[in-house]
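Worksheet for the structure shown next.
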Amino acid sequence: MPIAGLLADLKARGLLDDTLVFWGAEFGRTPYTEGTDGRDHNPEGYSVWLAGGGVKGGIAHGRTDEFGFAAVEDKVHYHDLHATILHLLGLDHERLTYRYSGRYFRLNDVYGRVVREILA
């Protein structure tokens, strides 16, 4: 797999500890088909992975139900994922708050927590 080559190369060059690698998509897919149209979008249970850049190696965080449909344990909302990525990049997601048109905004809206359980 090409991603294995990238990770091996970063590690061999001593760059993996300083490089955050994110692999994911915008949402998951249902574990079943929707008629003849294939699998539908699934925001209830999806997988991403992170490597290097301050993330613990070799762990899995969270779990879906037995069908792979919905997260049931150690759920991570995408706001939490964004807060964690920003933290790993050295940014405090809460300090990026600004007020516009009577509402507070930030890169991950005004939600999210750093998922400290996955940090090295």
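The values are calculated or read from the model by the stated rules, or taken from the named source; none is laboratory data. None of these values were measured; they are calculated from a predicted model. Glycine gets a Cβ as well: all are built from the backbone with ideal geometry, and neighbour counts include every protein chain shown.
Restricted to region 1-46, and to residues there that are farther than 28 Å from Leu86 by Cβ and acidic (Asp, Glu), the residue that is nearest to the chain's Cα centre (by Cα) is Asp40. It is to be established whether one or more residues within region 97-110 are under 16 Å from the mean Cα position of the chain (by Cα), modelled with pLDDT of 90 or more and surrounded by 13 or more Cβ atoms within 10 Å (Cβ to Cβ). No - not one qualifying residue is present in region 97-110. Considering the conditions (1) at pLDDT 90 or above; (2) surrounded by 12 or more Cβ atoms within 10 Å (Cβ to Cβ); (3) of a type outside the set (A, V, I, L, M); (4) within 21 Å of Leu7 (Cβ to Cβ), Gly58 is excluded by exactly one of them, (2). Here Thr19 fulfils each of the conditions (1) free of Cβ contacts under 8 Å to residues at least 60 places away in the same chain; (2) within 30 Å of Ala8 (Cβ to Cβ); (3) out of contact with any Leu (no Cβ under 6 Å at 6 or more places or on another chain) apart from (3). For region 62-120, the set of residues classified as under 26 Å from Arg39 (Cβ atoms) and among the hydroxyl-bearing types (Ser, Thr, Tyr) consists of Thr64, Tyr78, listed by residue number. The residue that is nearest to Tyr78 (Cα to Cα), among those in region 93-108 that are touching a helix residue (DSSP H, G or I) at 6+ places or on another chain (Cβ under 9 Å) and part of a helix (DSSP H, G or I), is His93.
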